[in-house]
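Student: The structure under discussion is supplied below as structure tokens; questions concerning it will follow.
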Ligand SMILES: *Cc1c(COP(=O)(O)O)cnc(C)c1O
């Protein structure tokens, strides 16, 4: 098993913090009581769960009654969408975007077969939304608007509060997939237009399989998972106690480090990005350069396959991604970059580096040392570089296929 690598794939998952492991271990061993039990042995575990809930609310600027623990981002997105629709059965219209995570897009695709109409808002070449298009799509029949805070592939950040103000005018529920934004952008739900917000533990240095859904007090909610009366009847099933304790600790650390870590990550990201695009010809940064997460860069290298770059990086022990972990293995270009209408060469030659608070200057140096050689070697092998113009012509239009949701 490979243990050490230069890990620049933090939008896919993150290292569990050592403090987080330390906090959860007692709840895997000594403190195994059921938090719902009447006895002290279980009750003390219930208190620890409440403490974790307070740690999560502190990070979000929310109240304790507004947090539901889930199994992660995918469950949070599914539960929020279902809850909003079940609570307003008379409304049959949903608005989302073309660049959402499959956890949202797949649900919307299914709902289209169940009598719902879904509007998929487009993005421009920088990955940004047109708020006039949103405004024109909203009607009194719109039950739900579900839009991500920050894009996992490009890091592009949407103007969530501006969107929320428009959504509120039409009385629709506003759900935000903030899996990539939490811990990177300060949140204050008490002063927000967002009704429901999804976060995932393993994107913020907690383990996989734990997350939380914020539901604003007063927003009608119907549970997706029915069972016992755990979590005020809003999510049945005995709580994942070690996961919840870990998520609480991770949230506390995210809050503690948010400013310092994001400043550092941005500096490292900018150094990586700037050096690459100034030293390597024919490459460009994908996505809005100003409204962007501090830890993410998505760069298109023309005339080569992103997957070939990733394999070469892998041989140097460097982990990056061609966008979504869900689509790796397939040579189909990313639905996010396609929605941006990028040219064929960029669609196929793009890779993403995503940093974390554990990323070091030495690791960035290592990537910068190997990248120019990798790109040069792959381009020399590329059958396209010699006749780039002809190839481009041949491939024109290939990037404008229909949106296909893949998992
Ligand atoms: C990772 C991710 C998810 C899914 O979260 P899981 O906890 O892996 O289910 C959803 N949305 C976005 C934007 C993500 O990056």
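Student: Among (1) outside any loop (DSSP other than H, G, I, E, B); (2) under 29 Å from the mean Cα position of the chain (by Cα), where does residue 43 come up short?
Tutor: (2)
Student: Report, by residue number, each residue of region 61-74 that is buried (at least 22 other Cβ atoms within 10 Å of the Cβ) and assigned to a helix (DSSP H, G or I).
Tutor: Within region 61-74, 66, 73 qualify.
Student: Give the number of residues within region 4-14 that are surrounded by 14 or more Cβ atoms within 10 Å (Cβ to Cβ) and assigned to a loop (DSSP other than H, G, I, E, B). Break it down into steps so the answer makes sense when it comes.
Tutor: So the first thing to find is which residues in region 4-14 are surrounded by 14 or more Cβ atoms within 10 Å (Cβ to Cβ), and the list is 5-14.
Cutting the leftovers down to assigned to a loop (DSSP other than H, G, I, E, B) gives us 5, 8, 10-14.
Residues meeting the conditions: 7.
Student: Filter region 180-198 for residues that are part of a loop (DSSP other than H, G, I, E, B), away from the ligand (no atom under 12 Å from the Cβ) and either outside the structural domain of residue 156 (by TED's automatic domain parsing) or within 15 Å of residue 147 (Cβ to Cβ) (or both) and give the result.
Tutor: Of everything in region 180-198, those that are part of a loop (DSSP other than H, G, I, E, B), away from the ligand (no atom under 12 Å from the Cβ) and either outside the structural domain of residue 156 (by TED's automatic domain parsing) or within 15 Å of residue 147 (Cβ to Cβ) (or both) turn out to be 192, 193, 194, 195.
Student: Which residues, taken from region 199-221, are under 26 Å from residue 8 (Cβ atoms) and either more than 11 Å from the ligand (Cβ to nearest atom) or outside any strand (DSSP E or B) (or both)?
Tutor: Once the filter is applied, which keeps residues that are under 26 Å from residue 8 (Cβ atoms) and either more than 11 Å from the ligand (Cβ to nearest atom) or outside any strand (DSSP E or B) (or both), region 199-221 yields 201, 202, 203, 204, 205, 206, 207, 208, 209, 210.
Student: Considering only residues that are assigned to a strand (DSSP E or B) and under 15 Å from residue 343 (Cβ atoms), which ones fall in region 258-297?
Tutor: 283, 284, 285
Student: Looking at 86, 98 in this structure, which one is closer than 30 Å to residue 202 by Cα, within 16 Å of the ligand (Cβ to nearest atom), surrounded by fewer than 18 Cβ atoms within 10 Å (Cβ to Cβ) and in contact (Cβ under 8 Å) with a residue 60 or more places away in the chain?
Tutor: 98
Student: If you check residue 271 against the conditions, is it farther than 26 Å from residue 80 by Cβ, surrounded by fewer than 16 Cβ atoms within 10 Å (Cβ to Cβ) and in contact with a helix residue (DSSP H, G or I) (Cβ under 7 Å, 6 or more places away or on another chain)?
Tutor: On the way: farther than 26 Å from residue 80 by Cβ: yes; surrounded by fewer than 16 Cβ atoms within 10 Å (Cβ to Cβ): yes; in contact with a helix residue (DSSP H, G or I) (Cβ under 7 Å, 6 or more places away or on another chain): yes.
Criteria met by residue 271.
Student: For region 222-241, give me each residue that is within 16 Å of the ligand (Cβ to nearest atom) and more than 18 Å from residue 64 (Cα to Cα).
Tutor: In the first step, residues of region 222-241 are kept if they are within 16 Å of the ligand (Cβ to nearest atom); the result is 224-225, 235, 240.
Matches in region 222-241: 224, 225.
Student: Something else now. Can you tell me which residue among 38, 1 is assigned to a loop (DSSP other than H, G, I, E, B) and closer than 30 Å to residue 367 by Cβ?
Tutor: Only one candidate passes the filter, namely 1.
Student: Being in a loop (DSSP other than H, G, I, E, B) and within 19 Å of residue 123 (Cα to Cα) is the filter; apply it to region 315-367 and report the residue that is modelled with the lowest pLDDT. Don't jump to the end; show me each part of the working.
Tutor: Going residue by residue through region 315-367, those that are in a loop (DSSP other than H, G, I, E, B) are 316-317, 320, 322-324, 328-334, 340-343, 349, 355-360.
Filter once more, keeping what is within 19 Å of residue 123 (Cα to Cα): 323-324, 333-334, 340-343.
Details: 323: 60, 324: 49, 333: 90, 334: 94, 340: 98, 341: 97, 342: 96, 343: 95.
Residue satisfying both the conditions and the ranking: 324.
Student: Considering only region 192-207, I want to know if a residue exists there that is on the phi > 0 side of the Ramachandran plot and either more than 24 Å from the chain's Cα centre (by Cα) or touching a residue at least 24 places away in the same chain (Cβ under 8 Å) (or both).
Tutor: yes
Student: Between 25, 56, which is over 25 Å from residue 153 (Cβ atoms), in contact with a strand residue (DSSP E or B) (Cβ under 6 Å, 6 or more places away or on another chain), surrounded by 14 or more Cβ atoms within 10 Å (Cβ to Cβ) and modelled with pLDDT of 95 or more?
Tutor: 56
Student: Also, I was wondering about something else. Restricting to region 121-147, and then to whatever is within 17 Å of residue 91 (Cα to Cα) and part of a strand (DSSP E or B), can you tell me which residue is nearest to the chain's Cα centre (by Cα)?
Tutor: Across region 121-147, the extreme among qualifying residues is 146.
Student: Within region 77-113, restricting attention to residues that are part of a loop (DSSP other than H, G, I, E, B) and closer than 22 Å to residue 335 by Cβ, which residue is nearest to the chain's Cα centre (by Cα)?
Tutor: From region 77-113, those part of a loop (DSSP other than H, G, I, E, B) are 88-92, 98-101, 113; that's our starting set.
In the following step, the residues that additionally are closer than 22 Å to residue 335 by Cβ were identified as 98-101, 113.
On the way: 98: 14, 99: 11, 100: 9, 101: 7, 113: 26 Å.
Checked region 77-113; the qualifying residue nearest to the chain's Cα centre (by Cα) is 101.
The values are calculated or read from the model by the stated rules, or taken from the named source; none is laboratory data. Bear in mind that the values here come from a model prediction, so they are computed numbers and not experimental data. Because the Cβ atoms are built from the backbone with ideal geometry, glycine has one as well, and the counts that use them run over all protein chains shown.
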